[in-house]
1. Has region 187-196 got any residue that is without any contact (Cβ under 8 Å) to a residue 24 or more places away in the chain, more than 21 Å from residue 82 (Cα to Cα) and loosely packed, with under 15 Cβ neighbours inside 10 Å?
2. Please find, among 205, 210, the residue that is surrounded by 19 or more Cβ atoms within 10 Å (Cβ to Cβ), more than 16 Å from the chain's Cα centre (by Cα) and at pLDDT 90 or above.
3. Is it fair to say residue 199 is crowded, with 21+ Cβ neighbours inside 10 Å and either in contact with a helix residue (DSSP H, G or I) (Cβ under 8 Å, 6 or more places away or on another chain) or part of a loop (DSSP other than H, G, I, E, B) (or both)?
4. Taking region 176-191, which residues are in contact with a helix residue (DSSP H, G or I) (Cβ under 9 Å, 6 or more places away or on another chain), assigned to a loop (DSSP other than H, G, I, E, B) and either closer than 18 Å to residue 142 by Cα or at pLDDT below 95 (or both)?
5. Looking at region 89-98, can you tell me whether even one residue there is more than 26 Å from residue 239 (Cβ to Cβ), more than 17 Å from the chain's Cα centre (by Cα) and part of a helix (DSSP H, G or I)?
6. Any residue at all in region 126-136 that is closer than 22 Å to residue 226 by Cα, touching a strand residue (DSSP E or B) at 6+ places or on another chain (Cβ under 6 Å), modelled with pLDDT of 95 or more and in a helix (DSSP H, G or I)?
């Protein structure tokens with residue numbers, strides 16, 4: 001997938017390639033969960049199987065999950081004593097998760113100087129661990145995103161409410177379209193995912209005033225997202241518009257819609 005650069009006064013040049021090379025030869029998520037129906041099914045089993053197939057086809061069959069906590073933790077560094085110590089100079093232990101993420105985002109934006117990898121390291125793109133960003137106090141979009149997420153995790157924010165996205169953004173007039181990395185956080189208010197951006201579009205409003213990510217047109221599509229334990233490749237899906245697909249352990253959520261739910265109730 002060709003990836004263009006993002007060139008804006010706040011973001012510089014970001015080359016965030018989809019991580020296709022990280023995929024494994026293991027069966028896809030869909031292969032693992034779709035299974036094979038029994039050749040002998042009663043009407044109830046057949047009904048449940050049909051609903052399951054509809055759910056999986058419409059609710060994540062083309063995503064691929066890489067189960068590699070070590071790989072993820074290279075960039076998230078959780079738990080980490082250095083980052084945890086810093087986190088609790090930024091937040092109070094009694095702050096809500098919303099307030100913790102607000103404070104952490106402001107600290108990273110206010111203290112980490114934006115600098116493209118080509119300027120800092122002499123290469124077009126280099127992902128570095130958060131502790132290295134803290135050593136140089138400079139970084140680009142994904143460096144700021146990994147640092148925000150790492151600080152949040154070490155500050156005790158619920159891991160299931162944090163993701164780092166790599167995807168395509170279109171911030172509108174004066175800010176060209178292109179590839180970008182940012183954090184998404186599931187806020188307390190309405191249980192909605194919102195952007196927590198370091199560089200391209202840093203919204204510093206309180207969490208309950210931010211536009212839900214699924215309705216924010218500046219964030220167009222995702223190539224992948226990273227949690228505290230796994231990576232989900234989303235080349236053929238859009239988990240910005242439809243984020244509520246996975247439990248925190250990576251299992252696909254059921255998606256029984258109202259009509260089929262009523263049908264099941266009637267059958268029972």
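The values are calculated or read from the model by the stated rules, or taken from the named source; none is laboratory data. As the structure is a computational prediction, the values presented were derived from the model and not from experiment. With ideal geometry, Cβ positions are generated from the backbone for all residues, glycine too; neighbour counts draw on all protein chains shown.
1. Initial filter on region 187-196 (without any contact (Cβ under 8 Å) to a residue 24 or more places away in the chain): 190-192, 194.
Now narrow it down to the ones that are more than 21 Å from residue 82 (Cα to Cα): 190-192, 194.
When the remaining residues are screened for being loosely packed, with under 15 Cβ neighbours inside 10 Å, the result is 190-191.
Taking every residue of region 187-196 in turn, at least one turns out to be without any contact (Cβ under 8 Å) to a residue 24 or more places away in the chain, more than 21 Å from residue 82 (Cα to Cα) and loosely packed, with under 15 Cβ neighbours inside 10 Å.
2. On the way: 205 fails: surrounded by 19 or more Cβ atoms within 10 Å (Cβ to Cβ).
Exactly one of 205, 210 is surrounded by 19 or more Cβ atoms within 10 Å (Cβ to Cβ), more than 16 Å from the chain's Cα centre (by Cα) and at pLDDT 90 or above, namely 210.
3. Working: crowded, with 21+ Cβ neighbours inside 10 Å: yes; either in contact with a helix residue (DSSP H, G or I) (Cβ under 8 Å, 6 or more places away or on another chain) or part of a loop (DSSP other than H, G, I, E, B) (or both): yes.
It is true that residue 199 is crowded, with 21+ Cβ neighbours inside 10 Å and either in contact with a helix residue (DSSP H, G or I) (Cβ under 8 Å, 6 or more places away or on another chain) or part of a loop (DSSP other than H, G, I, E, B) (or both).
4. Selection gives 188 alone.
5. First pass over region 89-98, keeping only residues more than 26 Å from residue 239 (Cβ to Cβ): 89-95.
When the remaining residues are screened for being more than 17 Å from the chain's Cα centre (by Cα), the result is 89-95.
Cutting the leftovers down to part of a helix (DSSP H, G or I) gives us 89-90.
Yes, there is a match, as at least one residue in region 89-98 is more than 26 Å from residue 239 (Cβ to Cβ), more than 17 Å from the chain's Cα centre (by Cα) and part of a helix (DSSP H, G or I).
6. Within region 126-136, one or more residues are closer than 22 Å to residue 226 by Cα, touching a strand residue (DSSP E or B) at 6+ places or on another chain (Cβ under 6 Å), modelled with pLDDT of 95 or more and in a helix (DSSP H, G or I).
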